[in-house]
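S.K.: Right, I'll just put the structure down here and ask away after.
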Amino acid sequence: MQNFRRYAAVVAVFATVMYGALVIAAFGFISLYTDRDVIDDPSVGPVVGPVMTGVAVLVVFATLLGIALGVPEERQRISLGVAFLVGFAAYFFFGVTGGILVGAGRGDPFGFVAFLGRQLISPFAGAAGVLGFVIAILFMLVLASKVGNKGRPRWPWEKDDEE
């Protein structure tokens, strides 16, 4: 059981790194094809976008790590509902983080609402959510495929005659 949890935690780290890389790549492609910046408002500054993305990555990592450490090995399954919640959390916290930073930076609570609304309908927040959903499904698929394995795969000539 301890080995599986260690394995699942390492897979969660790699899945999170993959999520971060895919989000950055998706933002680049969306920005290129739509001729639009991730943060349209130039008065916001250069820090808000990376912080929003970092929070989305941390949310995905926390949820994947919770799945890895909280679900016993024999109960690992692919759950579309959980994957949807991971994607929605990435989408939601991506927008809310930006809204909080903009609202606090400007001292305007209505700035929070306006920025949050613009971000949640942007394709960038949607990409963060969809990629969170996909990564969560792939993560659960990798963990569920590991259940019941007794070590590394072996070639036919490596197997014992008793098996």
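Computed from the coordinates by the stated procedures, all read-outs in this text should not be read as laboratory data. Not measured: the values here are computed from a predicted model. No Cβ is skipped: glycine too gets one built from the backbone with ideal geometry, and neighbour counts run over all protein chains shown.
S.K.: Using the Karplus curve 6.51 cos²θ - 1.76 cosθ + 1.60 with θ = phi - 60°, work out ³J(HN,Hα) for each residue of the stretch 112-118 in order, rounded to whole Hz, and write x for Gly and Pro.
M.R.: My calculation for the stretch 112-118 gives 4, 5, 5, 5, 4, x, 5 Hz in order.
S.K.: With n ≥ 4 as the cut-off for DSSP H runs, can you work out [θ] at 222 nm for the chain, using -39500 (n - 2.57) per run divided by the number of residues, rounded to the nearest 500?
M.R.: -25500 deg cm²/dmol
S.K.: If packing is taken as the mean number of other Cβ atoms within 10 Å per residue, what is the order of 127-134, 47-54, highest first?
M.R.: Numbers: 127-134: 22.8, 47-54: 16.9.
Descending packing order for the listed peptides: 127-134, 47-54.
S.K.: With N set to the residue count of the stretch 84-147, report its C-alpha Rg divided by 2.2 N^0.38 Å to two decimal places.
M.R.: That works out to 1.41 for the stretch 84-147.
S.K.: Calculate the all-directions average of the projected area of the stretch 1-45's alpha-carbon convex hull, and give it in nm².
M.R.: About 4.4 nm², averaged over all directions.
S.K.: Please work out the Cα convex hull volume for the stretch 1-133 and give it in Å³ per residue.
M.R.: Roughly 104 Å³ of hull volume per residue.
S.K.: Using a ≥ b ≥ c from the Cα gyration tensor of the stretch 16-67 (square roots of the eigenvalues), is it rounded, prolate or oblate, where a/c under 1.5 gives rounded and otherwise the larger of a/b and b/c decides, a/b for prolate?
M.R.: It is oblate, given that a/c is not under 1.5 and a/b is not larger than b/c.
S.K.: How far is helix 80-106 tilted off the main Cα axis of the chain, in degrees rounded to 10, range 0 to 90?
M.R.: The helix 80-106 is inclined about 30 degrees to the chain.
S.K.: Convex hull over the Cα atoms of the stretch 64-107, averaged projected area in nm²?
M.R.: 3.7 nm²
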